[in-house]
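The values are calculated or read from the model by the stated rules, or taken from the named source; none is laboratory data. Computed from a predicted structure; not experimentally measured. Cβ sites come from the backbone with ideal geometry, for glycine too, and all protein chains shown count toward neighbours. Only protein heavy atoms, including side chains, enter the accessible area calculation; ligands, DNA and RNA are left aside. Shrake-Rupley method; radii C 1.70, N 1.55, O 1.52, S 1.80 Å.
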Amino acid sequence: MATGHPIVLPGETIDPSLIPSHPKNPLRLGPGLRHIPPTDIVPTVAGQLITNPAKNSMWIEYNSNRYIPTPSDLILTQILRSTTDAYLCLLSPHTAPATLPHLAFEGATKKTRPVLQPGQLVYARVALANKHMDAELECVSAATGKADGLGPVGNPAAGSGGCAFDVSLGFARRLLMARSRAEGGVGVLEMLAGEEGGGLAFETAVGRNGRVWVGSESARTVVLVGRALQETDRGGLGLEGQRRLVRRLVREMR
Amino acid sequence: MTATTAPKAALGVLPRSDGSAKYSHAGYTLTASVNGPIEAQRRDEHAYEAHVEVIVRPAAGVGGTRERHLESLLQSSLAQLILVKNFPRSLIQVVLQIEDSPENDYVNTKLVQASLNFAIMPALVQTAILALLSAGVPMRATATATAVAVVHQDGAKKMVVDPSPREVETASSVHVLAFTSHNGLLLAESEGDFTVGEWDDVYETAKEICCRSTPAKEGTAMVLDDEEPSATDMRQFLRSTMESKVAADLHWK
Amino acid sequence: MPREAEPSLNEKQFVTQALQENLRLDGRQLDQYRPLELTFGDQYGVADVTLGKTRVLAKATAEVTVPYIDRPLDGIFTIATELSPMTSPAFEVNRPTETEVLLSRLLEKTVRRSGALDTESLCLVAGQKCWSVRVDVHVVSHDGGLTDAACVAVVAALRHFRKPDTSMEAGRLTVYTPAEREPVPLSWLHSPLCVTWSFFGEDGETAVLDATWLEEQVRVASCTVSLNKHGEICQIAKLGGMPVDAVVLLQCTSVALVKVKEFSDLLDRRLAEDLKKREKGGFMAELRAENDR
């Protein structure tokens, strides 16, 4: 581990020399850090301290299982029930439901709103999250009025519902990185669709809340992709390990 | 009889809870699970902070007043460490399951009404802290705990760290102390007869075990370890456990 | 406490559809168990069973009490099952759920009513003193297959357990502490184990062994068969759900026997290994005790 990125525990003192000091930009604190006025910056979780002098930001990198809603996160949620003007959705087990207004879909008006059954999976964005309030979701971009791929995933009634798989939050975040292979070290999806997997055809929706939806014409492919994702996450596989895993699974499930 | 084995811990042992830890030290083996923040029941809901619930489950028999007492002690200590204000109206649930505790070979215990040994307290604290860290619950600081018994033997007074059940029985007083990582005294619970002087000695002994200054940089750890190989350094143990967990989590970096 | 959320429509539909194509989400065969592991604690009577992500801990204990008035010649044997919030936050302390009640009934019927433990041997002084043996079952992690795992854990814990030795001299009962006399094993007659089948599909035509928690939530019926390795059936429980063809059920029972034989072998092997380890440990302990004096 590089000495510039030490592992910290809650309440430990951070070496002042590590705190980025940009002359103009304000210091930005990411997850896992708290500021005790006037000058103390203290970690609140156990993880690796990462600093970015260019952006004048710092945060703690760690993995966990419980999702805490943050605005603009993409999440995979499940409809619990409908109220007069919104759906109540489940973000993670045993937590208070989030609301998804009936009007937060592309082209939805008071008269034409999408009808979703309880239990349907929906890919959505967190619009509003605040520790004092239940989170609010949206399936439409407020700026463009377009869905941009958000909305209900799969059609269980027609027998093509796909399936959702649970992964750790850290793994979901790595899958969501713009360059997940280079930065996050996950190439398993690319491999499945590419040479190693023999060009499997499937679609995915990765939720920051640790749920990944996989859809495909063939149930075999869905199971294969799901298993590949979960085993990569649990086994902590590197790129080479992922390649071997994909090859093995494809051989096994043929 | 002195079971001063080095503490052992494994994190994330329960795949279906948010955080978990299995900890064994001095003959005690415990598993803890942490779930949270989750939805709190109406009666537990607090408008401005998270409710911390601690449940202690004995290995055999039903829990009694003894367990409730330990739960309330742990609850008030952990609520001090967890940043409860971050999660209003929610619940952070800590469940501690005792798996194994050292037995006193010289008596036949009645077990249907389980009565926990007081000396299990440090293991409870330690396991709960590890499980909370594994769940990534935001905390103000970490904590370490130890038990010290004062034994009068042949007119001489002796401090026994991590006493066995037999030693607890013969001790004139038993003390459990927990310190935060900022060297603050978090919990002090005593049983039996003791003088103020004795308590001061106990305090110093416990502090030595719990609060040995963590070697901050470049391997001063080795030097310290060489000086005093007998006593376990709880803080160093906590740190190395978490370091290996974080390193495993971030293997892709 | 918030209730356990049901799986999504997508998952429900997919699990059923995949099973029709003989596919399971974890890639197992329909009649394949997840890896079953059994370990024992440092003390006598502690058994830890893992079945995939399911983990059950059982601890056996004994104490001397007064026998029931209507059964003066029998000892007391109880199995206590409680699902704690550790299993899932949906379980509350002291508020039994259906899962918990069903689990304890099944264990009761399988282990206690089948006479696996000779309760008469627990009697010390007729009508006055007897042993009360108690097994506490702790479900540490629940991912389906609870009954099967819990049953292995209970049987393993009881067979591993040693109760303090006793003697009767001139009407005086003496219970020896472990330091005075090595404890003795229980009088064990046979080892009944559970095998649970889950049924899927519109007519319950797909039979699956060792369902995960997700599969258990989707299944249309289930049936638990308890039997020992000699093929003697102790109980069959099919508690409601979709009707299942009797012929299918017969096939299930014969497969169950194969599985029970496998589990019994594992149990015997692990018990033998533990005994071996203890013999060495016991000898060392004796040496150390000698030195203490």
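Side notes on the structure shown:
- Accessible area per residue in Å² at 1.4 Å probe, computed on the protein assembly as shown: 45 Å²
- Once the convex hull of all Cα atoms in the protein assembly as shown is built, its volume per residue stands at 198 Å³.
- 10 Å Cβ neighbours from other chains, averaged over peptide B:131-139: 6
- Every Cα-Cα pair in the stretch C:96-171 was counted, and those over 14 Å apart are 68% of them.
- Calculated diffusion of the stretch A:96-213, Stokes-Einstein form, Kirkwood radius summed over Cα pairs, 25 °C and 0.890 mPa s, µm²/s: 152 µm²/s
- Accessible area of C:Glu82 in the full protein assembly, 1.4 Å probe (Å², nearest 10): 50 Å²
- Label zone of C:Arg181 (point 7 Å out along Cα→Cβ, amide N under 17 Å): in the stretch C:108-142 this covers C:121-126, C:129-132.
- Paramagnetic reach from A:Arg34 (point 7 Å along Cα→Cβ, amide N under 15 Å) across the stretch A:117-150: A:131-132
- Note on A:Thr144/C:Asp245: beta-carbon distance plugged into 1/(1 + (r/R0)^6) with R0 of 56 Å gives a FRET efficiency of 0.50.
- Label-point gap, in nm, between B:Arg66 and C:Glu205 - each point 7 angstrom along Cα→Cβ: 5.9 nm
- Using a Förster distance of 35 Å, the FRET efficiency for C:Val125-C:Glu262 (Cβ separation, nearest 0.05): 0.25
- Over the stretch A:1-99, the fraction of Cα-Cα pairs per 5 Å bin, rounded to whole percents and listed from the shortest bin up, is 2, 11, 18, 18, 13, 11, 9, 9, 6, 3, 1, 0.
- Solvent exposure, largest accessible area first (probe 1.4 Å, DNA, RNA and ligands not counted), of B:His25, A:His22, B:His152: B:His152, A:His22, B:His25
- Restricting the calculation to Cα atoms, the stretch B:21-167 shows an Rg/Rh of 1.03 when the hydrodynamic-style radius is the Kirkwood one.
- Take the accessible area of chain A alone and of chain C alone, subtract that of the pair, and you get about 1900 Å² summed over both chains, using a 1.4 Å probe.
- Sorted largest first, extent of the stretch A:33-162 alpha carbons per principal axis (Å): 54, 30, 27
- Cα Rg, Dmax (largest Cα-Cα span) when computed across the stretch B:1-104, Å: 15.2, 50
- Chain lengthening between C:Thr78 and C:Ile233 when straightened (0.36 nm per residue, less Cα-Cα): 53.7 nm
- Comparing mean-square fluctuations of C:Pro96, C:Pro35, C:Pro72 from a GNM of chain C with C-alpha springs under 10 Å, the top value falls on C:Pro35.
- Kirkwood-type radius of the stretch C:160-293, with distances r between different C-alpha atoms, in Å: 18.7 Å
- Stokes-Einstein diffusion coefficient of chain B, Kirkwood radius over Cα pairs, 20 °C, 1.002 mPa s, in µm²/s: 113 µm²/s
- The calculated 222 nm mean residue ellipticity attributable to helices in chain A amounts to -5500 deg cm²/dmol, summing -39500 (n - 2.57) over DSSP H runs of n ≥ 4 and dividing by all residues.
- Rg/Rh ratio calculated on Cα atoms of chain A (Kirkwood radius): 1.01
- Measuring nothing but how far apart in sequence close Cα pairs (under 8 Å, 6+ apart) lie, relative to its length, the stretch C:80-201 scores a relative contact order of 29 percent.
- Calculated log₁₀ intensity ratio I(q)/I(0) where the Debye formula runs over C-alpha points of the stretch C:17-102, q = 0.11, 0.19, 0.23 Å⁻¹: -0.56, -1.10, -1.15
- Per-pair calculated FRET efficiency, R0 = 25 Å: B:Asn86 and A:Leu80 via Cβ, rounded to 0.05: 0.50
- Across B:Lys157/C:Lys163; B:Lys207/C:Lys280; B:Lys8/C:Lys277; B:Lys85/B:Lys245; C:Lys59/C:Lys261, pairs whose alpha-carbon gap is larger than 28 Å: B:Lys157/C:Lys163; B:Lys207/C:Lys280
- Computed with a 1.4 Å probe on the full set of protein chains, the accessible area for C:Trp213 sits at about 50 Å².
- Inter-centroid distance (Cα atoms) of the stretch A:72-112 relative to the stretch C:7-49, Å: 32 Å
- Gaussian network model of chain A, springs between alpha carbon atoms under 10 Å - residue of A:Leu189, A:Leu150, A:Leu18 with greatest fluctuation: A:Leu18
- Inter-part distance where the stretch B:42-84 and the stretch B:136-213 are each reduced to a Cα centre, Å: 22 Å
- Over the stretch C:99-247: Rg over Rh, Cα atoms, Kirkwood Rh: 1.11
- Measuring nothing but how far apart in sequence close Cα pairs (under 8 Å, 6+ apart) lie, relative to its length, chain A scores a relative contact order of 14 percent.
- The heavy atoms of B:Cys211 present about 20 square angstrom of accessible area, all protein chains included, probe 1.4 Å.
- The order of B:Asp200, C:Asp143 by accessible area, most exposed first and with a 1.4 Å probe, is B:Asp200, C:Asp143.
- Annotation: the antiparallel percentage among DSSP beta bridges lying fully within the stretch C:65-186 is about 60.
- Once the Cα gyration tensor of the stretch B:123-198 is diagonalised, semi-axes √(5λ) in Å: 30, 13, 8
- Base-10 log of normalised Debye intensity for chain C (one unit scatterer per alpha-carbon) at q = 0.15 Å⁻¹: -1.18
- Estimated Rh, the stretch A:156-254: Kirkwood, alpha-carbon pairs, angstrom: 13.4 Å
- Note on the stretch C:26-165: the alpha carbon radius of gyration divided by the globular reference 2.2 N^0.38 Å gives 1.13.
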